[in-house]
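Here the structure is laid out as C-alpha cells; the discussion comes afterwards.
The values are calculated or read from the model by the stated rules, or taken from the named source; none is laboratory data. Here the structure is a predicted model, which is why all the values come from computation and not from measurement. Note that each Cβ is placed from the backbone with ideal geometry, even for glycine, and that neighbours are counted across all protein chains shown. Surface accessibility is based on the protein's heavy atoms, side chains included, excluding ligands, DNA and RNA. Shrake-Rupley method; radii C 1.70, N 1.55, O 1.52, S 1.80 Å.
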Amino acid sequence: IAGMPLNGIADILTDVKFSMFGLDYGKFELNIIVGVTVTAAVFFLSSKLPNKNEKDISRLAALDRDLRTPAYSKEEPTDKKSIQSYKIVALLSGVVGLLLILLSFFSGSSTDILINFLTGTGALLFAALFWYLAKRYE
C-alpha cells in the first residue's frame, strides 16, 4: 500500500474489509477490535509500572483499608410505599406480558408469533418475580 496515490477524500473513507476466523469485519468492527486490544495492552503494561507518588500510595492504602473494613448497618423497617412501587412495576409488566402473548395469536409469521410469545412470557416471569419479592418484604 505504501506509495499508492490518493485520489481524494473518498480514498481515505473507502470501506475496509477484514476476515478473521471465517467472519468478515468492516471498519467499525476493526476499530472496536483495535481499540479494545490497545486499551487492554496499555492497562496491563501500566499496571506493571510502580507508582512513585507518595500521595497516591497513601490514598490507595487508605482506600484498601476502608474496603477491607466491614460495614454494619442497623436494620430499619421497609418503607411500604417503596414496596408498592415494586407491585406497580409487577402489575404493569404482567399487563404488557399478557398483551404480548395475546398479540402472538394475531401475528403473521411464525417468527413473529415466537418472538411475541417468548417476550410476553419473559415479562410475565419478571412480573411474578417482582410480585413475589414485594410480598416477601411487605
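Apart from one condition, Thr121 fits all of (1) open to solvent by less than 60 Å² (accessible area, probe 1.4 Å); (2) over 26 Å from the mean Cα position of the chain (by Cα); the exception is (2). Taken over the range 59-79, the criterion of being under 30 Å from the mean Cα position of the chain (by Cα) and among the acidic types (Asp, Glu) is satisfied by Asp64, Asp66, Asp79. Name the single residue, out of those in the range 92-110 being within 18 Å of Ala123 (Cβ to Cβ) and either among the polar types (S, T, N, Q) or in contact (Cβ under 8 Å) with a residue 40 or more places away in the chain (or both), that is surrounded by the fewest Cβ atoms within 10 Å (Cβ to Cβ). Across the range 92-110, the extreme among qualifying residues is Ser107.
Residue pairs whose Cβ atoms lie under 9 Å apart, sitting 6 or more positions apart in sequence or on different chains, and linking a residue in the range 59-79 that is in contact (Cβ under 8 Å) with a residue 12 or more places away in the chain to a partner that is open to solvent by 90 Å² or more (accessible area, probe 1.4 Å) and in a helix (DSSP H, G or I), are Thr78/Tyr137. Scanning the range 124-138 for residues that are of a type outside the set (Lys, Arg) and either open to solvent by 90 Å² or more (accessible area, probe 1.4 Å) or closer than 27 Å to Pro77 by Cα (or both) turns up Leu125, Phe126, Ala127, Ala128, Leu129, Phe130, Trp131, Tyr132, Leu133, Ala134, Tyr137, Glu138.
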